[in-house]
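Structure first, commentary second.
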Amino acid sequence: MSGAPSTSTISHEDVLAWLRVYAQVIADNRGYLTDLDAAIGDADHGANMDRGFKAVIAKLMDTADKDISTTLRTVGMALISTVGGAAGPLYGTLFLQASQAAAGKTALTLSDWATMLDAATEGVIKRGKAGPGDKTMVDALVPAVQALKGAIAAGQSFPEALQSSARAAEHGMQSTLPLIAHKGRASYLGERSAGHLDPGATSSYLLIKAAADTWAGSY
Ligand SMILES: [Mg+2]
């Protein structure tokens, strides 16, 4: 889809490219996410996310949103109105918080992206009342934010910092495998929730990876 940005900033067009890539990744992983949710939930995460991001793409083609913040708000609202279960409000909150943090920006530096991802993650934590280790989206998002901030502080290049963030999200997702769920439907299973990846942490990892792959030019 989109190649590497010509500069080390993320434009509105780059944000749209990320959303298109993620919608395709979700469509490709619909069955996988549903299988993960079948093991510890109600087997609808893949279908819900696919429906939501198909609605997002349709909405973005319909609207003439011209700035990053407005586009991200459109995404959040579309997800809240089309995705059932916990994922709609949580992913909706993620994008609405990112939208607020991007207000007035015509292009994003890495540091802007870190600020947005931080605000988005804090929003998910508050909305879901979940912390690290509860076997949720938070387990992928928190390490992604921390790695991104660390990469910026260490002076990593634009693509390196994005890839560091994606690798941390992947490790965070993998860390949910042995955990016992403390939030959401999976928590009803108690100890039987251990031994399965969390579907929300998996879709969150895919979101961070889609950003890195799109913006670092490896997609
Ligand atoms: Mg579910």
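Among the residues of region 138-194, write down those that are assigned to a loop (DSSP other than H, G, I, E, B), touching a helix residue (DSSP H, G or I) at 6+ places or on another chain (Cβ under 7 Å) and in contact (Cβ under 8 Å) with a residue 40 or more places away in the chain. Thr176, Ile180, Ala181, Lys183, listed by residue number.
Quick check: is even one residue across region 207-214 modelled with pLDDT under 90 and not β-branched (Val, Ile, Thr)? No, region 207-214 has no match at all.
When region 172-198 is limited to residues that are surrounded by fewer than 15 Cβ atoms within 10 Å (Cβ to Cβ) and not small (Gly, Ala, Ser), the one that is nearest to the ligand (Cβ to nearest atom) turns out to be Tyr188. Checking each residue of region 83-93 against the condition of being closer than 26 Å to Ala38 by Cβ, more than 16 Å from the chain's Cα centre (by Cα) and not charged (D, E, K, R) gives at least one match.
For region 81-109, residues that are more than 16 Å from the ligand (Cβ to nearest atom) and either under 21 Å from Ala201 (Cα atoms) or not basic (Lys, Arg) (or both) total 17. Looking at region 63-80, can you tell me whether even one residue there is within 17 Å of Ala168 (Cβ to Cβ), free of Cβ contacts under 8 Å to residues at least 12 places away in the same chain and away from the ligand (no atom under 16 Å from the Cβ)? There is no residue in region 63-80 that is within 17 Å of Ala168 (Cβ to Cβ), free of Cβ contacts under 8 Å to residues at least 12 places away in the same chain and away from the ligand (no atom under 16 Å from the Cβ). In region 53-92, how many are over 22 Å from Lys126 (Cα atoms) and part of a helix (DSSP H, G or I)? Count: 13. Put simply, of Ala161, Ala211, Ala169 the only residue that is more than 20 Å from Asn29 (Cβ to Cβ), among the hydrophobic types (A, V, I, L, M, F, W, C) and buried (at least 24 other Cβ atoms within 10 Å of the Cβ) is Ala161. Entry remark, region 31-53: residues being buried (at least 18 other Cβ atoms within 10 Å of the Cβ) and of a type in the set (Asp, Glu) number 3 in total.
Does Ala43 satisfy the condition of being within 16 Å of the ligand (Cβ to nearest atom), over 19 Å from Ala169 (Cβ atoms) and not in a helix (DSSP H, G or I)? Criteria met by Ala43.
The values are calculated or read from the model by the stated rules, or taken from the named source; none is laboratory data. Owing to the predicted nature of the structure, the values given are computational and were not obtained by experimental measurement. So basically every Cβ, Gly included, is an ideal-geometry build from the backbone, and we count neighbours across all protein chains shown.
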